[in-house]
Amino acid sequence: MGDLESDFNLRVVLVSFKQCLNEKEEVLLDHYLAGWRGLVRFLNSLGAIFSFISKDVVTKVQILERLRSSPQQEHYLSLQSMVAYEVGHQLVDLQRRSRHPDSGCRTLLRLHRALRWLQLFLEGLRTSPEDASTAVLCTDSYNASLAAYHPWVIRQAVTMAFYTLPTRKVFLEAMNVGSPEQAVEMLGEALPFIEHVYSVSQKLYTEHALLDLP
């Protein structure tokens, strides 16, 4: 896990998500996981506040990395091939977690949901004025994404914790691409790629009725 905790640079995430989709619009898992490793570095660089998400993300990334190096690795080249393989071989628990608690489909769905939160939050940072409240930006993004999947106690604790977040300027400087203005410009490049990957994944999960896996 050491490389998940080293310095973050937004350019690395941009490159990973740029390479995530091939010409068939298949989500390539190696690049998807590389993008998430970069995002974990970003979350960790901001201190313990996001540990409730980053620790879970690290666990999910490691599960998918094991699948990518397993004897069935050819079925885990892309999100599309993974879904076809696991659904076709009944390797996904559709009603309740039982025989396949750590299926690739379930595991990536959790990353998919977290990606939506981060995408919304980063877009808020990009488009907000200099004095915008990061607590409000993060809370609004959380309520529009991950909150629906967390119990009330977690939602309350998380929302309270958001009020200890650093300023917008600190967030932008943590991206390690220069000035806040340069970070905003880089976000403008990166976020469309993240949004595209999210949309392709959302469409696939919808088509296979996998959005509510237990």
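The values are calculated or read from the model by the stated rules, or taken from the named source; none is laboratory data. Computed from a predicted model, the values in this text were never measured in an experiment. FYI the Cβ positions are ideal-geometry reconstructions off the backbone, even for glycines, and counts take in every protein chain you see. For accessibility, only protein heavy atoms count, side chains too; no ligands or nucleic acids. Shrake-Rupley method; radii C 1.70, N 1.55, O 1.52, S 1.80 Å.
Between region 67-141 and region 188-209, how far is it from one alpha carbon centroid to the other, in angstrom?
10 Å
Out of P71, F121, Q95, whose Cα points farthest toward the positive end of the dipole of the chain (charges: +1 Lys, Arg; -1 Asp, Glu; placed on Cβ)?
Going by the Cα projections, it comes out as Q95.
Among rounded, prolate and oblate, which fits region 156-202 when a ≥ b ≥ c are the square roots of the eigenvalues of its C-alpha gyration tensor, a/c under 1.5 means rounded, and a/b larger than b/c means prolate?
Oblate is the answer for region 156-202, as a/c is 1.5 or above yet b/c matches or exceeds a/b.
Hey, rough spin-label estimate for Q62 and A161, points 7 angstrom out along Cα→Cβ, what's it come to in nanometres?
The modelled label-to-label distance comes out at 1.8 nm.
Relative contact order of region 20-85: what whole-number percent is it, with Cα pairs under 8 angstrom and at least 6 residues apart?
Relative contact order comes out at 35 percent.
Please say if region 97-214 is rounded, prolate or oblate, where rounded means a/c under 1.5 for a ≥ b ≥ c the square roots of the C-alpha gyration tensor eigenvalues, and otherwise the choice is prolate for a/b larger than b/c and oblate otherwise?
Cα axes put region 97-214 in the oblate bin.
Please report the carbon-and-sulfur percent of the accessible area for region 59-213; probe 1.4 Å, protein heavy atoms only, DNA, RNA and ligands left out.
Whole-percent figure for carbon plus sulfur exposure: 54.
Per residue of the chain, what 222 nm ellipticity follows from adding -39500 (n - 2.57) for every DSSP H run with n ≥ 4, rounded to the nearest 500?
Rounded to the nearest 500, it is -20500 deg cm²/dmol.
In debye to the nearest 20, how big a dipole does the chain give about its Cα centre with +1 on each Lys and Arg Cβ and -1 on each Asp and Glu Cβ?
640 debye
Quick one: grab the alpha carbon gyration tensor of region 99-165, order the square roots of its eigenvalues as a ≥ b ≥ c, and give me rounded if a/c is under 1.5, else prolate or oblate depending on whether a/b is larger than b/c.
oblate
Could you report region 98-214's accessible area per residue, 1.4 Å probe, as an integer in Å²?
Ligands and nucleic acids excluded, the figure is 47 Å² per residue.
Which of H89, H100, H196 moves most in a GNM of the chain, Cα contacts under 10 Å?
The residue with the greatest mean-square fluctuation here is H89.
Give me the one-decimal nm value for the distance between modelled label points at V87 and Y149, 7 Å along each residue's Cα-to-Cβ direction.
Placing both labels 7 Å along Cα→Cβ, they lie 1.8 nm apart.
How about region 14-94: which trypsin sites (Lys or Arg not before Pro) there are in a DSSP loop, with at most 13 other Cβ atoms within 10 Å of their Cβ?
Those that pass, being in a loop and sparsely packed, are K24.
What helices does the chain have that are whole DSSP H segments, at least 18 Å long along their own axis by Cα, and with mean Kyte-Doolittle hydropathy of -1.0 or more?
29-45, 51-68, 104-127, 180-207
Evaluate E = 1/(1 + (r/R0)^6) for S98 and H208, where r is the Cβ-Cβ distance and R0 equals 25 Å; express this FRET efficiency to the nearest 0.05.
According to the calculation, E is roughly 0.85.
With a Förster radius of 35 Å, plug the Cβ-Cβ distance of A48 and E195 into 1/(1 + (r/R0)^6) and report the FRET value to the nearest 0.05.
Step by step, r from the Cβ atoms, then E = 0.80.
Gaussian network model of the chain, Cα springs within a sub-10 Å range: biggest mean-square fluctuation belongs to which of P192, P180, P71?
Its mean-square fluctuation being the largest, the pick is P71.
Which trypsin sites (Lys or Arg not before Pro) in region 78-122 sit in a loop by DSSP (not H, G, I, E or B) and have at most 10 other Cβ atoms within 10 Å of their own Cβ?
R96, R99
Just one of (i) 116; (ii) 203; (iii) 167 is volume of the Cα convex hull per residue in Å³ calculated from these coordinates, so which is it?
Answer by label: (i).
Which whole-number percent gives the relative contact order of the chain, counting Cα pairs below 8 Å spaced six or more residues apart?
The value is 26 percent.
Longest span of the chain, sites excluded, free of GluC sites (Glu not before Pro) in DSSP loop with at most 12 other C-beta atoms within 10 Å?
Longest run free of exposed loop sites: 24-129.
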